[in-house]
Amino acid sequence: MSLLERTAMDQYKLKALLCAIETGSLNRAAEKLHCTQSGLSQLMNGVEQELGFKILERTHRGIGLTKEGQELYPFLLDMEGSYSLLEEKTRRIREGRKRPLRIGAFSSMANLWLPSILKEYKGRHESLLFDIRVGTDIIHQWLTEGKIDIAFGDDRRCRGFSFIPLQKDRYEAVLPPSFLHTGQKEITRDELIAYPLLMAPMNDLTYYLDIPPRKDISVTCDDDYTLLSMVKAGLGATAMPRLSLSRLPEGVLCLPLVPEVHRTLGIALPLHPTKEAEDLASFACSWIKTGSGFHAGH
């Protein structure tokens, strides 16, 4: 059996194990993996025999991790990312091409920072290719699964990885003019949440403004302008970081929140970053900190 065949077999075992852990059920995991529950159970038993100890705790409610399994779990995730990198690297070598530098970024950072950063950086590294993904909450998953080499996001979504803080990005209330009193210059959290709210996962208002669960309009998207258009139509108010407000449409007003609420923007790298990712992170840090393109609040 060749090295790649053995690697593929080990990768399947790892994928099956992580699927069982994430679903909490051998039955649901077997359905996702398109195999039988008995076959998956035998595979898990074989993995534990190879390790020399139990990592799965089986109960009538499903499966969970033993103490030993909890200790191994972060390394299993890291192995999954490494397998993905190995697979991609071998494919690129066979094709005689270099793998692109995979970048994950918030929509606002991708719009306002990345074009200038990458244009200048590529001028110094002409052969370098880029693969850019735009998202918000999924940034953490991409880093965990080894699907991106570097992330431009905030400290909350990049928690657990090597994070380089760059700038604080202040939240502002975003409202249609009809919601405001004449001459109003600022707004408190309690005043804001008294209005119908547009709740978008990308703005994470439940966390940043500590808003209790309530029945409001939920907008599931990673497009800042879509949310602003909803405000313009008078469907409700919201709060957004200033970096997301660079394309403010007519008929939408922004007011500072009192007291100030902000997120911390920065760059995140995985546990074992590539040299290209480290080089880009260093370049981007210098570019942003010199004020070359930062458009959020100061």
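The values are calculated or read from the model by the stated rules, or taken from the named source; none is laboratory data. In this text, all values refer to a predicted model and were calculated from it rather than measured experimentally. Cβ sites come from the backbone with ideal geometry, for glycine too, and all protein chains shown count toward neighbours. Just so you know, the surface numbers come from the protein's heavy atoms only, side chains and all, with ligands and any DNA or RNA stripped out. Shrake-Rupley method; radii C 1.70, N 1.55, O 1.52, S 1.80 Å.
Among the residues making up region 52-76, those that are open to solvent by 80 Å² or more (accessible area, probe 1.4 Å) and not in a loop (DSSP other than H, G, I, E, B) are E57, R58, K67, E68, Q70, E71, F75.
Hey, any hits in region 131-145 for a residue that's open to solvent by less than 20 Å² (accessible area, probe 1.4 Å), of a type in the set (D, E, K, R) and touching a helix residue (DSSP H, G or I) at 6+ places or on another chain (Cβ under 9 Å)? No, every residue in region 131-145 fails to be open to solvent by less than 20 Å² (accessible area, probe 1.4 Å), of a type in the set (D, E, K, R) and touching a helix residue (DSSP H, G or I) at 6+ places or on another chain (Cβ under 9 Å). Identify the residue in region 204-226 that is touching a Leu at 6+ places or on another chain (Cβ under 9 Å) and without any contact (Cβ under 8 Å) to a residue 40 or more places away in the chain and, among all such residues, is surrounded by the most Cβ atoms within 10 Å (Cβ to Cβ). Residue satisfying both the conditions and the ranking: L205. Evaluate the following for M240: is it in contact with a strand residue (DSSP E or B) (Cβ under 6 Å, 6 or more places away or on another chain) and more than 19 Å from A105 (Cβ to Cβ)? Here the answer is no, as M240 does not meet what is asked. When region 255-284 is filtered for residues that are surrounded by fewer than 16 Cβ atoms within 10 Å (Cβ to Cβ) and over 24 Å from P100 (Cβ atoms), the ones remaining, listed by number, are V258, P259, E260, T264.
Right, E80: farther than 29 Å from L269 by Cα and either among the acidic types (D, E) or at pLDDT 90 or above (or both) or not? Here the answer is no, as E80 does not meet what is asked.
Would you confirm whether or not region 101-117 contains a residue that is open to solvent by less than 80 Å² (accessible area, probe 1.4 Å), among the basic types (K, R) and touching a residue at least 12 places away in the same chain (Cβ under 8 Å)? Yes, region 101-117 contains a residue that is open to solvent by less than 80 Å² (accessible area, probe 1.4 Å), among the basic types (K, R) and touching a residue at least 12 places away in the same chain (Cβ under 8 Å). Restricting to region 240-251, and then to whatever is crowded, with 17+ Cβ neighbours inside 10 Å and touching a helix residue (DSSP H, G or I) at 6+ places or on another chain (Cβ under 6 Å), can you tell me which residue is modelled with the highest pLDDT? Filtering first and then ranking leaves L243. E88 passes every criterion in (1) more than 23 Å from G266 (Cα to Cα); (2) loosely packed, with under 14 Cβ neighbours inside 10 Å; (3) free of Cβ contacts under 8 Å to residues at least 12 places away in the same chain apart from (2).
Scanning region 163-186 for residues that are hydroxyl-bearing (S, T, Y), in contact (Cβ under 8 Å) with a residue 12 or more places away in the chain and either open to solvent by 70 Å² or more (accessible area, probe 1.4 Å) or farther than 18 Å from L209 by Cβ (or both) yields one hit, S178. Taking region 130-141 as the range and being touching a strand residue (DSSP E or B) at 6+ places or on another chain (Cβ under 6 Å) and under 15 Å from F163 (Cα atoms) as the test, only I139 passes.
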